[in-house]
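As structure tokens, the structure follows; a few thoughts come after it.
The values are calculated or read from the model by the stated rules, or taken from the named source; none is laboratory data. Quantities reported herein were computed from a predicted structural model and do not represent experimental measurements. In this analysis, Cβ positions are derived from the backbone assuming ideal geometry, glycine residues included, and neighbour counts consider all displayed protein chains.
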Ligand SMILES: Cc1ncc(COP(=O)(O)O)c(C=O)c1O
């Protein structure tokens, strides 16, 4: 049978730059609705990746679509760099209100998460008159030169970023780089920063800011242990280091709170947002202390920043999240999903760890629990097989051995049950040798 998907992919291979994608299986998406997408041949899939966390409100939420239609009848673009526009201002007012922190705040808008992190990286050192930045091993902040410099992810290891970023270990307790055990360790990884890093190659008085993903997502959906964030903020306060949170992937309800930092009651001075903020329309934002974001007028602007269509979609997105109970649903469905995944962990030795908050969950696969040897090939095959069976997943992590689960926040128990049944079947099929190495060879993933 002639496949439209394969035909598109053959044309795609001829003209689309390989530098702009990572693929896990051969798929071309034609349309989507809520938790479901269809490929170019009309086959339906349950989308438990949600475009890497973009589809918070699901695909084409009617209220978002309606807001876009209304806006498009008024304006197709606005050069916000030189002319204001009410939709963009309204969204900024909303973000000032809902983000944590009772200080004077302003909002910067961009187009994609990377540029929001560039905003932090540019303005904090300028404002502080200090040159260095702290970030984390295995972190992912984006692909522009600034955000890749902040990142410690293997996908950027081929590129030499700016030299003013110092990276310290993230609290990845399942694979603690210090071979310690929580809580006995008393969160030694922060003492290490103060006792070693600050006393040798990076003096604290030179550090302008620190940026952290409250859940290290592309690094393997790693969740810091309780107490970590609070101790880290204390360290930042002690040395007057600006505490910045990259919530591009996890904000706006996904973790079961509007913002992930709320799990630990910490307040970032700057917070970056992206992905789900406009339900898939290009938009990013950096929200935080006015004195930092105002410090150098006209210094971080793009022609299409604060795009009125994206901002209209974002206002509708936030309205849906707030008024359709999506934060609560993320918490409830997250617990249900986690329970099912824990059951799979009991049944299959290859599952080493299940972690996450709300509807961002990571399932880490290992060959043996005693050695923690990553089961990377198996994970690539399980994702591929799940896709064949109608479930969209992706994988992340230092060793590409963590399946990331970030479905729309609109999912219900039936979706959870179907997804877990497919995932279990995929694990069984891969164990039975149903996916060959040559089938997945072309799909390098991360
Ligand atoms: C935590 C985090 N920050 C920043 C980015 C970069 O966002 P974008 O790809 O929209 O530029 C990502 C993308 O995966 C991310 O997960």
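Is it fair to say residue 242 is touching a helix residue (DSSP H, G or I) at 6+ places or on another chain (Cβ under 6 Å) and buried (at least 24 other Cβ atoms within 10 Å of the Cβ)? Yes. Are any residues in the range 246-262 closer than 23 Å to residue 329 by Cβ, within 16 Å of the ligand (Cβ to nearest atom) and not in a loop (DSSP other than H, G, I, E, B), and if so, which ones? 260, 261 - these are the residues of the range 246-262 that are closer than 23 Å to residue 329 by Cβ, within 16 Å of the ligand (Cβ to nearest atom) and not in a loop (DSSP other than H, G, I, E, B).
In this structure, is residue 19 at negative phi and not assigned by TED's automatic domain parsing to the domain that holds residue 418? Step through it out loud before you land on a result.
Values: at negative phi: yes; not assigned by TED's automatic domain parsing to the domain that holds residue 418: no.
No, not satisfied.
Within the range 197-211, the set of residues being outside any helix (DSSP H, G or I), more than 10 Å from the ligand (Cβ to nearest atom) and closer than 26 Å to residue 100 by Cα comprises 207, 208, 209, 210.
Does at least one position in the range 399-410 carry a residue that is out of contact with any strand residue (DSSP E or B) (no Cβ under 8 Å at 6 or more places or on another chain), surrounded by fewer than 23 Cβ atoms within 10 Å (Cβ to Cβ) and in the same structural domain as residue 47 (by TED's automatic domain parsing)? Among the residues of the range 399-410, not one is out of contact with any strand residue (DSSP E or B) (no Cβ under 8 Å at 6 or more places or on another chain), surrounded by fewer than 23 Cβ atoms within 10 Å (Cβ to Cβ) and in the same structural domain as residue 47 (by TED's automatic domain parsing), which makes the answer no. A count restricted to the range 213-245 and to residues that are touching a residue at least 60 places away in the same chain (Cβ under 8 Å) and in a strand (DSSP E or B) stands at 4.
Among the numbered criteria (1) over 30 Å from residue 368 (Cα atoms); (2) surrounded by fewer than 18 Cβ atoms within 10 Å (Cβ to Cβ); (3) in contact with a strand residue (DSSP E or B) (Cβ under 7 Å, 6 or more places away or on another chain), which single criterion is violated by residue 289? Here residue 289 clears every test but (2).
For the range 214-234, indicate whether the set of residues that are within 19 Å of residue 398 (Cα to Cα), within 16 Å of the ligand (Cβ to nearest atom) and in contact with a helix residue (DSSP H, G or I) (Cβ under 7 Å, 6 or more places away or on another chain) is non-empty. Break it down into steps so the answer makes sense when it comes.
Here is the first cut: in the range 214-234, the residues within 19 Å of residue 398 (Cα to Cα) are 214-225.
Checking the rest, the ones that are also within 16 Å of the ligand (Cβ to nearest atom) come to 214-224.
Of the ones still in play, those that are also in contact with a helix residue (DSSP H, G or I) (Cβ under 7 Å, 6 or more places away or on another chain) are 214-215.
Within the range 214-234, one or more residues are within 19 Å of residue 398 (Cα to Cα), within 16 Å of the ligand (Cβ to nearest atom) and in contact with a helix residue (DSSP H, G or I) (Cβ under 7 Å, 6 or more places away or on another chain).
Being assigned to a helix (DSSP H, G or I), more than 16 Å from the ligand (Cβ to nearest atom) and under 18 Å from residue 281 (Cα atoms) is a condition met by at least one residue of the range 71-81. Condition first: out of contact with any strand residue (DSSP E or B) (no Cβ under 7 Å at 6 or more places or on another chain) and either within 12 Å of the ligand (Cβ to nearest atom) or within 25 Å of residue 54 (Cβ to Cβ) (or both). Can you find one or more residues in the range 124-138 that meet it? The answer is no; no qualifying residue exists.
Annotation for the range 372-394: at least one member residue is touching a residue at least 12 places away in the same chain (Cβ under 8 Å), over 24 Å from residue 35 (Cβ atoms) and assigned to a loop (DSSP other than H, G, I, E, B).
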